[in-house]
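The values are calculated or read from the model by the stated rules, or taken from the named source; none is laboratory data. None of these values were measured; they are calculated from a predicted model. Note: ideal-geometry Cβ built from the backbone for every residue, glycine included; neighbour counts use all protein chains shown.
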Number of protein chains: 2
Amino acid sequence: MRADAKRNRDRIVEVAREVFREHGYDASLDEIAKRAGVGAGTLYRHFPTRDALLDAIMQSWVDRVNEATEKALAFEGEDRELLIGWFETYASLISLHKGGPAKITSAMGNPDSPIVSKCQVLTAASQRVIDRLEADGALRADVDAVQVCQLVGGVATVADNADQPVSAVRPLLEVVADGMLR
Amino acid sequence: MRADAKRNRDRIVEVAREVFREHGYDASLDEIAKRAGVGAGTLYRHFPTRDALLDAIMQSWVDRVNEATEKALAFEGEDRELLIGWFETYASLISLHKGGPAKITSAMGNPDSPIVSKCQVLTAASQRVIDRLEADGALRADVDAVQVCQLVGGVATVADNADQPVSAVRPLLEVVADGMLR
DNA sequence: ACCTGAACACCGTTCAAGT
DNA sequence: ACCTGAACACCGTTCAAGT
């Protein structure tokens with residue numbers, strides 16, 4: 001890739017992150033191009049779809065997911081608290097910007113989504129939490145990681161749609177946790 | 001209201017119901033006007049916002065909610081089955097068209113929403129189911145109707161976003177039910 | 001009083017011309 | 001090889017003119 005192409009690409013991703021945070025996932029791509037100082041065609045050349053741009057944005061976000069997972073697993077205390085804590089972390093992680101929770105959760109379990117690899121990072125993280133609880137014998141046998149991601153994603157979507165912080169839906173997360181635990 | 005105005009209004013609602021079912025809640029309002037055989041301005045005169053049109057569509061839908069509630073309450077069997085059955089019914093009721101679950105669920109508990117009255121119909125219905133279960137002593141004390149609507153609405157939104165039928169998310173509804181029951 | 005539809009604004013997407 | 005930005009298409013919304 002040519003140096004100027006790489007520079008443009010990086011700049012677009014950086015600006016997109018900013019604009020998505022400000023205006024949500026439905027933000028104007030034209031504004032992103034303008035703020036990045038490139039023509040509209042350049043944006044489309046690098047990212048043929050809106051989702052491709054989202055995928056690029058989430059590249060650096062993977063590190064944060066892994067960090068948060070380690071932190072959750074290091075928690076020493078009651079299983080219920082661990083689980084609810086992870087739910088809150090998970091919900092926050094997918095609340096990158098308005099429209100994010102719905103976008104990510106609907107991609108969950110869909111192998112054709114342009115952001116599959118990012119969903120896998122999330123399901124893998126949830127799987128690790130589940131494994132830890134399963135080892136404690138604290139879990140009902142029939143829950144899998146994708147279901148957990150969908151459920152918590154659904155709750156996060158509720159909060160996002162209502163323009164409320166994740167903390168506002170904590171009672172819902174507690175119900176979900178209780179439904180999963182023995 | 002003049003006779004021709006009423007005729008136009010009714011026609012718009014009827015067509016909107018059809019078009020929303022076909023193309024989801026984001027369908028083009030222009031297409032609705034065209035199919036209804038009215039000018040774009042006429043649609044805007046009767047329904048200044050997209051939500052006002054949705055509210056009108058849901059007018060007749062209220063009867064269906066009440067019917068379904070009676071049917072759910074008439075169920076004789078285990079509490080768990082009753083609750084899961086109601087969840088499935090609820091999820092189907094708010095899946096009027098693509099985008100419906102998110103729209104309705106985000107309006108839940110927001111007094112300024114243009115479709116508040118419709119949300120109240122839903123929460124009242126859920127409250128009746130909750131009351132029945134509470135009388136049986138089957139419920140955890142700390143669940144209210146709005147929370148139930150939000151949780152089940154969140155699950156319905158997951159199904160809707162992934163273009164899947166309500167039946168596909170039944171395992172998630174079971175987890176929610178188990179979280180609510182003693 | 002109500003309706004029509006042209007006009008405007010806005011945004012996504014493409015592509016010919018330029019470097 | 002990559003970029004630009006004008007051009008096109010599409011849709012929401014308004015409003016002057018018509019009945």
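Data overview
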item: Scope the range A:126-151; condition more than 22 Å from the chain's Cα centre (by Cα), of a type in the set (Asp, Glu) and assigned to a helix (DSSP H, G or I); matching residues; result: A:GLU134
item: Checklist (1) more than 25 Å from A:ALA91 (Cβ to Cβ); (2) surrounded by 17 or more Cβ atoms within 10 Å (Cβ to Cβ) applied to B:ASP136, failing item; result: (2)
item: B:HIS46 being touching a residue at least 24 places away in the same chain (Cβ under 8 Å) and either near DNA strand D (Cβ under 10 Å from one of its atoms) or of a type in the set (Gly, Ala, Ser) (or both); result: no
item: When residues of the range B:72-84 are limited to those that are away from every other protein chain (no Cβ under 14 Å) and either assigned to a helix (DSSP H, G or I) or among the small types (Gly, Ala, Ser) (or both), the one nearest to DNA strand D (Cβ to nearest atom); result: B:ALA72
item: Flag if A:SER95 is touching a residue at least 24 places away in the same chain (Cβ under 8 Å) and away from DNA strand C (no atom under 12 Å from the Cβ); result: yes
item: Leading residue by the ranking (nearest to B:ALA168 (Cα to Cα)) among those in the range A:107-122 that are crowded, with 18+ Cβ neighbours inside 10 Å, of a type outside the set (A, V, I, L, M) and modelled with pLDDT of 95 or more; result: A:CYS119
item: Qualifying positions in the range A:4-34 - among the small types (Gly, Ala, Ser) and near DNA strand D (Cβ under 9 Å from one of its atoms); result: A:ALA5, A:ALA33
item: Count of the range A:155-182 residues which are at the interface with another protein chain (Cβ under 7 Å from one of its Cβ atoms) and outside any helix (DSSP H, G or I); result: 1
item: B:THR123 part of a helix (DSSP H, G or I) and facing chain A (nearest Cβ under 10 Å); result: no
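A quick yes/no check of all residues on (1) closer than 20 Å to B:ARG80 by Cα; (2) β-branched (Val, Ile, Thr):
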| position | (1), (2) |
| --- | --- |
| B:MET108 | no, no |
| B:ASP112 | no, no |
| B:ALA141 | yes, no |
| B:VAL152 | yes, yes |
| B:ASP160 | no, no |
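For every residue, the table says whether it meets (1) within 14 Å of another protein chain (Cβ to nearest Cβ); (2) surrounded by 12 or more Cβ atoms within 10 Å (Cβ to Cβ); (3) within 10 Å of DNA strand C (Cβ to nearest atom); (4) under 30 Å from B:GLY179 (Cα atoms).
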| site | (1), (2), (3), (4) |
| --- | --- |
| A:ILE32 | no, yes, yes, no |
| A:VAL38 | no, yes, no, no |
| A:THR49 | no, no, yes, no |
| A:ILE57 | no, yes, no, no |
| A:ASN66 | no, yes, no, yes |
| A:GLU70 | no, no, no, yes |
| A:TRP86 | no, yes, no, yes |
| A:ALA91 | yes, yes, no, yes |
